[in-house]
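Presented below is the structure to which this report refers.
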There are 4 protein chains.
Amino acid sequence: MIKVGIIGYGYWGPNLVRNFFSQKDCNIKAVADSRPNRLELLRKSYPTINAVLNAEDIINDADIDAVIIATPVFTHFELAKKALSNGKHVLLEKPMASSVKECEILIELALQKNLQLMVDHTFLYTGAVEKIKEIIDADILGNIKYLDSTRINLGLFQPDINVLWDLAPHDLSILRYLHEEKPYSINATGISHTNNGIENIAFMTINYPSGFIAHLNCSWSSPVKVRMMLIGGDKKMILYNDVEPTEKIKIYDTAYQVKTDDDKNQILVDYRVGDIYVPKINSKEALASVANDFITGVLESKMPRSSYHIGLDIVKLLEASEQSIKNKGIEIKIN
Amino acid sequence: MIKVGIIGYGYWGPNLVRNFFSQKDCNIKAVADSRPNRLELLRKSYPTINAVLNAEDIINDADIDAVIIATPVFTHFELAKKALSNGKHVLLEKPMASSVKECEILIELALQKNLQLMVDHTFLYTGAVEKIKEIIDADILGNIKYLDSTRINLGLFQPDINVLWDLAPHDLSILRYLHEEKPYSINATGISHTNNGIENIAFMTINYPSGFIAHLNCSWSSPVKVRMMLIGGDKKMILYNDVEPTEKIKIYDTAYQVKTDDDKNQILVDYRVGDIYVPKINSKEALASVANDFITGVLESKMPRSSYHIGLDIVKLLEASEQSIKNKGIEIKIN
Amino acid sequence: MIKVGIIGYGYWGPNLVRNFFSQKDCNIKAVADSRPNRLELLRKSYPTINAVLNAEDIINDADIDAVIIATPVFTHFELAKKALSNGKHVLLEKPMASSVKECEILIELALQKNLQLMVDHTFLYTGAVEKIKEIIDADILGNIKYLDSTRINLGLFQPDINVLWDLAPHDLSILRYLHEEKPYSINATGISHTNNGIENIAFMTINYPSGFIAHLNCSWSSPVKVRMMLIGGDKKMILYNDVEPTEKIKIYDTAYQVKTDDDKNQILVDYRVGDIYVPKINSKEALASVANDFITGVLESKMPRSSYHIGLDIVKLLEASEQSIKNKGIEIKIN
Amino acid sequence: MIKVGIIGYGYWGPNLVRNFFSQKDCNIKAVADSRPNRLELLRKSYPTINAVLNAEDIINDADIDAVIIATPVFTHFELAKKALSNGKHVLLEKPMASSVKECEILIELALQKNLQLMVDHTFLYTGAVEKIKEIIDADILGNIKYLDSTRINLGLFQPDINVLWDLAPHDLSILRYLHEEKPYSINATGISHTNNGIENIAFMTINYPSGFIAHLNCSWSSPVKVRMMLIGGDKKMILYNDVEPTEKIKIYDTAYQVKTDDDKNQILVDYRVGDIYVPKINSKEALASVANDFITGVLESKMPRSSYHIGLDIVKLLEASEQSIKNKGIEIKIN
């Protein structure tokens, strides 16, 4: 039985509590939040959980095995470092931390202490992403040529991080999970419509040695909610529309094949347009699988799917995107 | 009565012939195409129009007042220059020409000879764009903050121009027509999946002094056809979905208002989410209005809506985008 | 403080418990279900509620003021009769009971004892229906000419009631709430694809003196979920699409006006097609309002919106529809 | 080479002319319409076709082999009778004629004279219906249990025929083509919102010996255009949505299987919900295939797909539906 403490009972906290509560081999001992009204809410629904104002009460509790950190990004590093130092396994909300350097220190510490360090990239556990992974692993798409994602909404402007740090971790984790090739560079552009210089609309292009390209469009300022991802292979293509209630994934038997003709005046591409196939998606709650993967990982000393490798790679891209935006869209090399 | 010759009877040519044919004050005297089978098609439907193999037969015909050029972009300049030199009014398909320099020479020539020089940016004459223009002119959106356009499809790979030169003129002409502010710079990225180095997927960010930003996503490699444009103002926002048969424009009574609070830890933005309004769109054929604007412009020596100013501005952005892509996404200044 | 007992903890029961639990002026004392595993589930989430196997334990509990009955329809009458006889206010799930006669006896008893008797027609409390009611009351639609509803899905075949008794109460309650005219007759047709003769697909036409007509299409056998209602007035028309997440209601500025021309060879109708307006819908949980209306009704001796009048009228139509189906679609008079 | 005359150049006439014009082995000699402005339109587009005011000029022209009749329904019988009497093959627009009796006389005459008599049920030649037919013939759906069709729109009120005579021939022809079982009876209801008593909204239920059921919902008074047909088998189900531009047909791997359990308190049905498959549809123009089937039928003395048998069966159902509506929805036996 793993004893767990959760730090942060804001927007995501109640979902974490609900899912870890119903997890086997796991017991939520305490939840910390500095806002008394949030603790009041917790007590009403979960009278058996200890509600504390101070995160230290969790980090220093010798009886707690694992700490889940669901606080603003800028606090991740200090809280996780203390928890790991105190010998606790850690699950961090996405993104992992505020910089590559912070992530590397946490990973080093976890390795030294032989502790789990996982990042909650929930999307990797959705039925839709699992199905796409299965399709790609079965080589149904052929060589993957591009991933193009739009994630826009009327979203809460965050005071500390820009829209890429807020929304892109979803797309970047899916991208990293589905296509393991290492990117060599990134370009990003964006705009801030507030006086704090934090971008509320931003775009990212990620370049890969093989000719694969990824593009992200993130916005807090769209009147409509769009969560659409296209993944194009040279055999088939996928449309992943996450706002669709049931038909989230469509596989198009559509392809373009490049001919090796050298005559530049000729059209060099062959087309095929065919049927569409809509696989049934497992409609489970992804966060339950996250909780299970974390607890199992702790119990069995096993690397979870949403590993710190993925967490680090995503912060690398976010850090590079910020550099690019601040330098007028210039290409930033990765590594 | 304006006597017209049309050069090029490929994909767009039959639409031009049909619309100019039913235009008042206009007579199609000849159509040229170097492919005999295309001329055969023309003769079958329009036995009264002279079908010629050679564009020169039109350009040199003293009886023809105006020439419409619907050939590949790289031929625009030579054909238009000769036609203007021979004293003929010219309507060019989009984009106007292959470079800013070419456009400037043509404009100079048209001014010298006092001839019409118009570019067929058809979208400016659609009921949808006219309605959006009307809404913006009535200040219903407030200060416009961004335009974000996605125009992707399984499109024919062009052998001579990349996907931005092919598709972006539509978006750029709409952008230029709706928002007259001069951009100061552009960033573009993209990828070629063929051996000719011509991009089939590309992205463009256009930067403006006021903080307004425009972004274009163009692709010939999408299994689904998306033609979606978001225009965000600080009072209302528009979703223009061109693949919708009837509800092309939705006006969202949605806004975010930036507070002038200096406390950076506060969320600085106020939200409002309200009703949606779907105006009825005039369902006329846009190309009929293009034909009418050109003929009227010739008869009354009037600048058409889709003027050479717009044509030139678009080629400026396309040229800059190509420079940016070739220079790894670097910012290119406009003018 | 009203003390409440709930009978039935099946599909709908947990929703009732959750909503009455968070209701002010109300205390759930006990929940009854004959299935121990259902009670187990209840105890896990609500340790403070008394879980009992026998409905009698609730009906005979002198400490309980009001009873909510969420059991199969054929049990409604006996349970409600006993509860009312024991002096308890009653909220019945829809439909009210198995026959007009049963409904009338219950109403008589409630009147004698001066007790609340309410039927849970939840749809009357949704933001969408409230908005439509508001629009109709403001005479925006003009004279209402028809209501056409399709409610089809892959639904659980009920062993005791046909698809109209199962699904039509939703449509009939909305119809009755929005259009108070008394119908004079009904026709119904349908088919049973099982060996028990209970229709899984059925259709109902309801006829009104004014020329208004209502039509219902109900099915448990559709691969797609459709919940679409059209309400046509001679000034405007409404499309109510309940499976749309946000744009549930569209008001079409569309009308046809009948001319009083006597020449039968002339087309007698004028058309107008205009804009569409999508009002913002309050996204509250309807069942919370049901709970509030019931508790308030008990406390203030006030007739709730979803009154027994509505409950009875719906059973009248259901009973008549069954008669019509069994008599090959013959017209059945109402009253 | 078949010489053809077309009577009626109204809404559908230009489509007939265009398609027969481009048909091989066929020559349009003349088109008749009593309205000079319609003939003017014809002359402008087809200067080689003889434009005549009087239908008799076509029917009596010894040089014409086949007559196409695209006039109001009430004129079909007299025109077709004369044409057949004069030894001409006949293609009639749908519905075939105003009564079963008229249809039977025309069929008798065609058989006597050994002439083609075809009805233009265009939908039978669409790529979508051909694909559904192919799927059903391959027994992919299993035993077909129901067909449910909604065909509603803001349509022109016809002065001579009700909405079922106007719209239902489309659904009835598809139904008859896909499911050849003979129905035994029909029920219909409807309402007229004009002073001429002609229904503008109507519903039809068609009953079959096997337990298959068909239902039609037709309206000229809907603000939205819906053309949706569900076809449910016990192995799979089809959704045919004709207003979808590309994904017209969806095959749901969804089924309900009736158990032979006699216990009526048990739920008797097993469910399966699976993937969805969207086959590519041939996007040809259906009317070109109609023209080809007619001309080929004449040349090779072959029964066309859209035979007079289908034409007659549809008029039987329409006639019965009218009887049912006029008799308050009573069941009308077929044959």
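At-a-glance table
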{"read-out": "Residues that are under 23 Å from A:Y11 (Cβ atoms) and of a type outside the set (D, E, K, R), drawn from the range A:81-102", "value": "A:A83, A:V90, A:L91, A:L92, A:P95, A:M96, A:A97, A:S98"}
{"read-out": "Test result for C:K82, surrounded by fewer than 22 Cβ atoms within 10 Å (Cβ to Cβ) and either more than 30 Å from C:A255 (Cβ to Cβ) or of a type outside the set (K, R) (or both)", "value": "yes"}
{"read-out": "Filter result for the condition that a residue is within 19 Å of the chain's Cα centre (by Cα), among the acidic types (D, E) and within 21 Å of B:Y252 (Cα to Cα), over B:D166, B:D148", "value": "B:D148"}
{"read-out": "Number of positions in the range D:136-162 that are surrounded by 20 or more Cβ atoms within 10 Å (Cβ to Cβ) and more than 12 Å from every other protein chain (Cβ to nearest Cβ)", "value": "2"}
{"read-out": "Residues of the range D:270-281 satisfying the condition of being at pLDDT 85 or above and of a type outside the set (F, W, Y)", "value": "D:G274, D:D275, D:I276, D:V278, D:P279, D:K280, D:I281"}
{"read-out": "Flag if D:L84 is touching a Leu at 6+ places or on another chain (Cβ under 7 Å) and not charged (D, E, K, R)", "value": "yes"}
{"read-out": "Cross-chain or 6+ apart pairs with Cβ under 7 Å, the range A:271-294 first and farther than 21 Å from D:D275 by Cα, then among the acidic types (D, E)", "value": "A:V290/A:D120"}
{"read-out": "Unmet requirement for D:L117, which otherwise passes all of (1) in contact with a strand residue (DSSP E or B) (Cβ under 8 Å, 6 or more places away or on another chain); (2) farther than 23 Å from D:E285 by Cα", "value": "(2)"}
{"read-out": "Cβ pairs under 6 Å, 6+ apart, first in the range B:167-196 and within 13 Å of B:I213 (Cα to Cα) and at the interface with chain A (Cβ under 9 Å from one of its Cβ atoms), second of a type in the set (F, W, Y) and surrounded by 24 or more Cβ atoms within 10 Å (Cβ to Cβ)", "value": "none"}
{"read-out": "Residue that is farthest from D:V129 (Cα to Cα), among those in the range D:287-308 that are touching a helix residue (DSSP H, G or I) at 6+ places or on another chain (Cβ under 8 Å) and surrounded by fewer than 20 Cβ atoms within 10 Å (Cβ to Cβ)", "value": "D:K302"}
{"read-out": "Evaluation of B:H76 against (1) closer than 13 Å to B:K113 by Cα; (2) without any contact (Cβ under 8 Å) to a residue 60 or more places away in the chain; (3) crowded, with 21+ Cβ neighbours inside 10 Å (one fails), failing number", "value": "(1)"}
{"read-out": "Residue check, D:K280 among the basic types (K, R), assigned to a loop (DSSP other than H, G, I, E, B) and assigned by TED's automatic domain parsing to the domain that holds D:T189", "value": "yes"}
{"read-out": "Answer residue from the range A:40-64, given it is in a helix (DSSP H, G or I) and at pLDDT below 95 and is surrounded by the most Cβ atoms within 10 Å (Cβ to Cβ) among those", "value": "A:L42"}
{"read-out": "Selection within the range B:211-238 - facing chain A (nearest Cβ under 8 Å) and among the small types (G, A, S)", "value": "B:G211, B:S219, B:S221, B:S222, B:G232"}
{"read-out": "Considering residues of the range B:246-269 that are at pLDDT 65 or above and in a strand (DSSP E or B) only, the residue nearest to the other protein chains (Cβ to nearest Cβ)", "value": "B:Y252"}
{"read-out": "A:I140 vs. criteria within 19 Å of A:H215 (Cα to Cα) and assigned by TED's automatic domain parsing to the domain that holds A:P209", "value": "no"}
{"read-out": "Selected residue (criterion: farthest from B:I231 (Cα to Cα)) from residues of the range A:182-239 that are assigned to a strand (DSSP E or B) and among the hydroxyl-bearing types (S, T, Y)", "value": "A:S185"}
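The values are calculated or read from the model by the stated rules, or taken from the named source; none is laboratory data. On a predicted model such as this, the values are computed, not experimentally measured, just so you know. For neighbour counting, all protein chains shown are included, and Cβ atoms are generated from backbone atoms with ideal geometry for every residue, glycine included.
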